[in-house]
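Quick notes on the structure that follows.
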Amino acid sequence: MDKNQGVFAQCPETPESPMPQNQIQQNRTARHQAVITRDNPYSGNMILYFFDDDLEVRGDFMPPIGAGAPLTMEIVEDFLKQLNIVYGIEKDVIQKAVSDCTLEKQPVKDVIVAKGDPPVAEVVDYFEINPRLVASPPPADKNDRIDYRSYSPFIIVKKDQALARLKPGISGKAGKNVYGGVIPYQTVHPPGVTGGINTRTGGKFISAEINGQFVREKNTLHVQKSLIIKGGVGYATGNIAFPGDVVIEGPVSDGFKIYAGGSVQIKQTFDVTEVLTGGDLNVAGGIIGRCQARIKVRGDIKTKFIENCQVACRKTVMVEKEVINSTIYAMEHIDLGDKGFIVGGDMTAIHGIRAGKIGKRAGRSTKLHCGIDFTVQQEQEKANSQFQLLTAKIEKIQKLMVLPGTGHEKRLKLETLLRRTEEEQQKAGNRVSDLLGRINVDENATVEVYGEIAPGTLIEICHIALFAAEPMRKVRIKLDKFYGKLTCEPL
């Protein structure tokens with residue numbers, strides 16, 4: 001062996017020279033590196049990079065320059081021996097890299113020189129939740145006011161049904177680095193789940209002790225009751241007041257009220273008097289209102305028809321067939337598809353209305369309003385009413401001040417009251433002006449009608465109106481902001 005091939009050196013843990021570009025592109029940094037030191041700087045060379053607690057060694061093979069001596073397999077093996085790299089050496093890969101580097105006179109980079117065995121963590125036994133129960137309904141509150149004799153528990157799981165299964169543990173296995181050193185394994189304790197109310201833990205399962213609703217609170221499993229009414233709502237049940245979801249399999253009779261913190265599902269016709277929900281309202285039949293029937297829903301409404309109702313919906317109202325003589329406010333859309341129709345009433349939807357037919361030629365007129373936030377509009381109307389009342393009050397005070405016989409002391413009191421009332425009037429006027437600027441919220445709202453719009457229908461988008469004096473068919477109505485008018489285009 002000549003002196004060019006017998007000198008080796010290892011770089012410090014934090015080398016002063018920058019990392020090669022191919023190593024920087026990897027999303028990790030070498031712990032340290034080592035390089036062969038040869039007397040002739042033009043001789044072939046190799047740089048080693050150590051990764052992952054010395055589990056992996058990669059190398060860059062450099063060809064000789066000019067009359068420099070080539071890198072040989074013998075030099076590489078002596079270098080690895082000098083560095084005590086004895087495990088997982090990829091001899092065939094190294095041989096090919098040395099050969100390619102010498103013959104092609106090009107660097108061969110990022111070659112796996114040696115690779116150890118990573119440790120396998122030990123996993124202890126734990127209970128794993130039944131995957132079919134992950135998407136279960138939310139838990140029900142017990143503070144309901146239902147006559148319990150008139151309904152059955154909302155069953156999601158049955159007695160003795162498995163809620164969780166014991167997941168067998170995994171044995172750990174020590175690893176080995178490229179120096180042949182042992183790397184100890186770790187022990188992992190998965191969070192798992194435990195049994196809670198109305199559950200039984202035994203053997204390989206956590207099971208339900210009763211029929212009921214499955215509830216998961218963090219990593220604890222419970223079985224609780226939820227509200228399902230097998231029949232209808234009537235004198236046997238009284239009004240419904242429940243903080244969670246309600247499912248009613250029969251009809252709801254006229255005169256009974258429903259208050260639910262969650263969603264309400266009614267599988268037959270709904271004779272509505274009053275309903276307030278914190279979620280969706282889904283009625284398989286239609287919704288029939290009488291007198292001052294009121295519906296307030298925080299989610300979506302989906303039903304076949306709505307008749308004689310006052311509806312306020314935070315999202316979208318979806319009706320399959322018809323809306324008749326109703327007042328509907330929707331924060332998103334009113335959607336009757338391409339076949340449903342609207343006859344009479346007042347419809348307001350921020351982002352738009354879609355229907356098959358609007359109005360009828362002989363009957364109550366139909367009004368459609370889009371692009372406006374009706375909640376802000378209602379506040380503006382209240383503020384405007386207050387402004388008008390204060391204006392009338394100011395006029396009355398001014399008349400009292402000039403009446404004959406009004407004494408000095410009384411006049412001073414009236415002047416003080418007048419100033420206070422004028423200040424209140426100014427605040428109310430400012431409030432009206434502020435709200436007026438916030439009413440129009442969607443200038444891109446549209447009204448789409450796939451059939452006919454009957455004469456007498458009024459359509460407004462952002463308070464720009466279009467009155468249908470003649471029948472209109474298959475049109476999309478939208479706001480032309482430049483000209484400040486509504487335009488029609490064929491569907």
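Worth a mention:
- Within region 425-448, no residue that is at positive phi sits with its Cβ atom under 8 Å from a residue that is outside any loop (DSSP other than H, G, I, E, B) at 6+ positions apart or across chains.
- Residues within region 328-357 that are aliphatic (A, V, I, L, M) and without any contact (Cβ under 8 Å) to a residue 60 or more places away in the chain, tallied: 8
- Looking only at region 215-231, and only at residues there that are surrounded by 21 or more Cβ atoms within 10 Å (Cβ to Cβ) and modelled with pLDDT of 75 or more, the one that is nearest to ILE258 (Cα to Cα): ILE229
- Region 140-164: number of residues that are loosely packed, with under 14 Cβ neighbours inside 10 Å and modelled with pLDDT of 90 or more: 0
- For first residues located in region 280-292 and part of a loop (DSSP other than H, G, I, E, B) and at pLDDT below 90, partners that are crowded, with 18+ Cβ neighbours inside 10 Å and not acidic (Asp, Glu) and lie 6+ apart or on another chain with Cβ distances below 7 Å form the pairs GLY285/THR269; GLY285/PHE270.
- Residue match in region 66-84 (condition: touching a strand residue (DSSP E or B) at 6+ places or on another chain (Cβ under 8 Å) and part of a strand (DSSP E or B)): no
- Of residues in region 397-411 being of a type in the set (D, E, K, R) and exposed (fewer than 12 other Cβ atoms within 10 Å of the Cβ), the one nearest to GLU424 (Cα to Cα): LYS399
- For region 21-50, the tally of residues that are at pLDDT 90 or above, over 17 Å from LYS96 (Cβ atoms) and out of contact with any His (no Cβ under 9 Å at 6 or more places or on another chain) stands at 3.
- Yes/no for ILE295 being closer than 19 Å to ALA468 by Cβ, modelled with pLDDT under 95 and in a strand (DSSP E or B): no
For every residue, the table says whether it meets (1) more than 23 Å from GLY456 (Cα to Cα); (2) of a type in the set (Asp, Glu); (3) assigned by TED's automatic domain parsing to the domain that holds GLU422.
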| position | (1), (2), (3) |
| --- | --- |
| ILE288 | yes, no, no |
| ALA293 | yes, no, no |
| CYS313 | yes, no, no |
| GLU322 | no, yes, no |
| GLY337 | no, no, no |
| PHE341 | no, no, no |
| ALA355 | no, no, no |
| SER365 | no, no, no |
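- Test: residue in region 129-137 that is modelled with pLDDT under 90, out of contact with any His (no Cβ under 9 Å at 6 or more places or on another chain) and among the hydroxyl-bearing types (Ser, Thr, Tyr): yes
- Inclusion of THR303 among residues that are crowded, with 20+ Cβ neighbours inside 10 Å and in contact with an Asp or Glu (Cβ under 8 Å, 6 or more places away or on another chain) is warranted.
- Flag set for ILE210, criterion: under 16 Å from LEU133 (Cβ atoms) and either surrounded by fewer than 18 Cβ atoms within 10 Å (Cβ to Cβ) or not basic (Lys, Arg) (or both).
- Residue in region 391-402 that is farther than 30 Å from ARG354 by Cα and of a type in the set (Gly, Ala, Ser) present: yes
- Residue ID - nearest to ALA30 (Cα to Cα), chosen from residues in region 55-105 that are of a type in the set (Gly, Ala, Ser) and in contact (Cβ under 8 Å) with a residue 12 or more places away in the chain: GLY59
- Residue check, ALA355 touching a strand residue (DSSP E or B) at 6+ places or on another chain (Cβ under 6 Å), surrounded by 22 or more Cβ atoms within 10 Å (Cβ to Cβ) and over 17 Å from CYS309 (Cα atoms): yes
- Failed item, numbered, when ARG473 is tested on (1) farther than 24 Å from ASP346 by Cβ; (2) part of a strand (DSSP E or B); (3) among the basic types (Lys, Arg): (1)
- Residue in region 376-395 that is in contact with a Lys or Arg (Cβ under 6 Å, 6 or more places away or on another chain), surrounded by fewer than 18 Cβ atoms within 10 Å (Cβ to Cβ), touching a residue at least 60 places away in the same chain (Cβ under 8 Å) and not charged (D, E, K, R) present: yes
- Selection status of VAL98, among the β-branched types (Val, Ile, Thr), in a loop (DSSP other than H, G, I, E, B) and at pLDDT 85 or above: no
The values are calculated or read from the model by the stated rules, or taken from the named source; none is laboratory data. What you are looking at is a predicted structure, and each value in this text was computed from that prediction instead of being measured. Virtual Cβ from ideal backbone geometry, glycine too; neighbours counted across all protein chains shown.
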